[in-house]
Amino acid sequence: MHDLNLNREIDILGYLLEQVEVVEEYISGQDEDLFLRDKKTKDAVLLRLMMIGEYGPKIDITIQQRFSEIDWSAIKKARNFYAHAYRGVDWVLVWNVVETELPKLKKQIEHIIAILEKENNGKTN
């Protein structure tokens, strides 16, 4: 088994968390109707979702397996779909992801970071 660099994993998870928080800022005060009419916000949110999908799979496989409550493969698949959908993006689906899935993902990432930080701080060098 390889040595796991917890600092690296915590850093990537922190980056994912940052993307979720930026999406929260983008949609703050918006409802679905406003979101669907706001091209700039839709584009900005989609970019952040793609960044989550780009970096999520960079989490070490042992962490992915350990915290399997997150569907890591779905995160990557969503990124690939968004990146290649062009005119086929279902913006209602994007809104639903942002409203229902991202809050859950945020809590899960915060939980994982807390566990890994505790483990990392308990290591003896």
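Could you check region 40-73 and list, in sequence order, the residues that are among the β-branched types (Val, Ile, Thr) and farther than 15 Å from residue 25 by Cβ? Across region 40-73, the qualifying residues are 59, 61, 62, 63, 70. Only one entry of 110, 18, 54 meets the criterion of being closer than 27 Å to residue 7 by Cβ, surrounded by 12 or more Cβ atoms within 10 Å (Cβ to Cβ) and touching a residue at least 60 places away in the same chain (Cβ under 8 Å), and that entry is 110.
How many residues, within region 78-104, are among the charged types (D, E, K, R) and in contact with a Gly (Cβ under 8 Å, 6 or more places away or on another chain)? So that I can check it myself, show each step before the final result.
Taking region 78-104 as the starting set, the residues that turn out to be among the charged types (D, E, K, R) are 79, 87, 90, 99, 101, 104.
When the remaining residues are screened for being in contact with a Gly (Cβ under 8 Å, 6 or more places away or on another chain), the result is 79.
Counting residues in region 78-104 that are among the charged types (D, E, K, R) and in contact with a Gly (Cβ under 8 Å, 6 or more places away or on another chain) gives 1.
Reported count of residues in region 20-47, each being under 14 Å from residue 103 (Cα atoms) and charged (D, E, K, R), is 3.
Of the residues that make up region 61-74, is at least one touching a Phe, Trp or Tyr at 6+ places or on another chain (Cβ under 7 Å), free of Cβ contacts under 8 Å to residues at least 60 places away in the same chain and not polar (S, T, N, Q)? Write out each step before concluding.
So in region 61-74, the residues touching a Phe, Trp or Tyr at 6+ places or on another chain (Cβ under 7 Å) come out as 64.
Narrowing the set further to residues that are free of Cβ contacts under 8 Å to residues at least 60 places away in the same chain leaves 64.
Adding the requirement that they be not polar (S, T, N, Q) leaves none.
The answer is no; no qualifying residue exists.
Only one of the numbered conditions (1) within 15 Å of the chain's Cα centre (by Cα); (2) over 23 Å from residue 27 (Cα atoms) is not met by residue 98, and that is (2). Among the residues making up region 32-46, a single one is loosely packed, with under 15 Cβ neighbours inside 10 Å and closer than 15 Å to residue 81 by Cα: 43. Would you call residue 99 surrounded by fewer than 16 Cβ atoms within 10 Å (Cβ to Cβ), at pLDDT below 95 and either among the basic types (Lys, Arg) or assigned to a helix (DSSP H, G or I) (or both)? So residue 99 does not fit the description; no.
Could we say that residue 63 is surrounded by 12 or more Cβ atoms within 10 Å (Cβ to Cβ) and assigned to a helix (DSSP H, G or I) here? Spell out the reasoning first.
Working: surrounded by 12 or more Cβ atoms within 10 Å (Cβ to Cβ): yes; assigned to a helix (DSSP H, G or I): yes.
Judged against the criteria, residue 63 is a match.
Need the failing condition index for residue 4 against (1) in contact (Cβ under 8 Å) with a residue 40 or more places away in the chain; (2) over 16 Å from the mean Cα position of the chain (by Cα); (3) part of a helix (DSSP H, G or I), just the number. Unmet condition: (3).
For residue 82, state whether it is surrounded by 16 or more Cβ atoms within 10 Å (Cβ to Cβ), at pLDDT below 95 and of a type in the set (Phe, Trp, Tyr). Spelling it out, residue 82 is indeed surrounded by 16 or more Cβ atoms within 10 Å (Cβ to Cβ), at pLDDT below 95 and of a type in the set (Phe, Trp, Tyr). Being assigned to a helix (DSSP H, G or I), acidic (Asp, Glu) and out of contact with any Lys or Arg (no Cβ under 9 Å at 6 or more places or on another chain) is the filter here; which residues of region 19-45 pass it? Result: 25, 32, 33, 43.
The values are calculated or read from the model by the stated rules, or taken from the named source; none is laboratory data. Keep in mind it's a predicted model, so treat the numbers as computed, not measured. Note that we place each Cβ from the backbone using ideal geometry, even for glycine, and neighbour counts take in every protein chain shown.
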